[in-house]
Amino acid sequence: MRTLIEDLPQKIGETVELMGFLHWRRDLGKIQFILLRDRSGIVQVVTGGRKLPLPESSLRVVGRVVQNEKAPGGLEVVAEKIEVLSPALEPTPVEIPKEEWRASPDTLLEYRYVTLRGEKARAPLKVQAALVRGFRRHLDRQGFTEVFTPKVVRAGAEGGSGLFGVDYFEHRAYLAQSPQLYKQILVGVFERVYEVAPVWRAEDHATSRHLNEYLSLDVEMGFIESEEELMRLEEELLQEMLEEAYTHAGQEIKLLEAELPSFPQNTPRLTHQEARRLLREELGYPVGADLSEEAERLLGQYAKKRWGSDWLFITRYPKALRPFYTYPEPDGTTRGFDLLFRGLEITSGGQRIHRYEELLESLKAKGMDPEGFRGYLEVFKYGMPPHGGFAIGAERLTQKLLGLPNVRYARAFPRDRHRLEP
């Protein structure tokens, strides 16, 4: 039976069968060394007198496990048999063992189908999978139901901007920019729901923090008193997500030399107005009506210095800066919030309007046609509870957790303004 490389320390002196990829090779004539890579790790294999295939060929190796302090991991396999299951037909466009984050991003992304095999390239995806698993686990225990909403929709959750159009038979449709409207409807069914799914934003940007398709971790819950319940839920949720990542992807986190985030007992909060005043008066930054990327970065540094926190909630956003469904306050603010992690917005959320007449008024005040939201609005005629939720951008969370220079490295096959392949 096949043995995984991570299990070899328990197999010293035994003959094992390994299967994996030829990560690296060195031919010294009478003796040859190869590094074999499988999903669990890398091991040195010693052989001799063989014609070695190109790197990334898939192999089956049968050999005896012996200790060797100079070998990676303190052991190696002395090969008795090496079978080429599938040879690489040409050299890889990027040498996988030498792959580094600061190699040309375009090169790494253009040949993503093979560069993903590198230890550092695949590590963020393993970490992200653990984060998502922790997300599901925590919410399941809290009585949430996972839902699956349409990704081809009639209207956008935030109006007509930023939408990718789709020809849907004789109708005009769009790729969903959020499951927002559907998850609100489903609060009337299950009270507490979540979804893990891609969303699309047709925004013409080319930065290290933006994607046009990303994985959204959405949460919505009913019968709440205020947005404070949502922020407390997210604090607990993120802690479990991080614990899951450290437990089941700790090797990858260590490989990337990621700094563990601080998590104070209570995440600091600043109202939007307080944040703007602080930026102008204490940090000397000429902030506009909304918070720019640089403003978020400065606020992240401030939170770390003042409270020792990598996290900061910005609350009470003005009504003009929030979607039509955000619960308004008499003073012109809303019960909407963002969560910054190390100076980057990873979450947007808040309490929603739950009364039909108020939703109609809000739509009209935003200059939006209620007819375009007819199917969504109907449910609010039937006793929707006070509710709210938030969405976490999985790639942004992964990027900041691991210190990746570009959010594209946190998605297997990223889609941006110029990229449709691979």
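The values are calculated or read from the model by the stated rules, or taken from the named source; none is laboratory data. These figures come from a predicted structure and were not determined experimentally. Methodologically, a virtual Cβ is constructed for each residue, glycine included, from the backbone with ideal geometry; neighbour enumeration extends over all protein chains shown. SASA here: full protein model, heavy atoms, side chains in, ligands and nucleic acids out. Shrake-Rupley method; radii C 1.70, N 1.55, O 1.52, S 1.80 Å.
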Report yes if some residue within segment 277-285 is buried (at least 19 other Cβ atoms within 10 Å of the Cβ) and in contact (Cβ under 8 Å) with a residue 24 or more places away in the chain; otherwise report no. no
In the set R117, R50, R112, which member is out of contact with any helix residue (DSSP H, G or I) (no Cβ under 6 Å at 6 or more places or on another chain), surrounded by 14 or more Cβ atoms within 10 Å (Cβ to Cβ), charged (D, E, K, R) and modelled with pLDDT under 95? R112
I need a count of the residues in segment 121-155 that are under 16 Å from the mean Cα position of the chain (by Cα) and more than 13 Å from V219 (Cα to Cα). 13
Just to be sure before I move on: is L377 touching a residue at least 12 places away in the same chain (Cβ under 8 Å), over 25 Å from V196 (Cβ atoms) and open to solvent by 10 Å² or more (accessible area, probe 1.4 Å) in the structure I sent? no
Just for segment 253-276: of the residues that are without any contact (Cβ under 8 Å) to a residue 40 or more places away in the chain and not aliphatic (A, V, I, L, M), which one is surrounded by the most Cβ atoms within 10 Å (Cβ to Cβ)? R276
Quick one: in segment 120-160, of everything that is crowded, with 20+ Cβ neighbours inside 10 Å and not hydrophobic (A, V, I, L, M, F, W, C), which residue is nearest to S362 (Cα to Cα)? G156
Taking the criterion of being touching a Phe, Trp or Tyr at 6+ places or on another chain (Cβ under 7 Å), free of Cβ contacts under 8 Å to residues at least 60 places away in the same chain and not charged (D, E, K, R), would at least one residue in segment 414-422 satisfy it? no
Which condition from (1) crowded, with 21+ Cβ neighbours inside 10 Å; (2) of a type outside the set (V, I, T); (3) more than 27 Å from R192 (Cβ to Cβ) is the one that K366 breaks? (1)
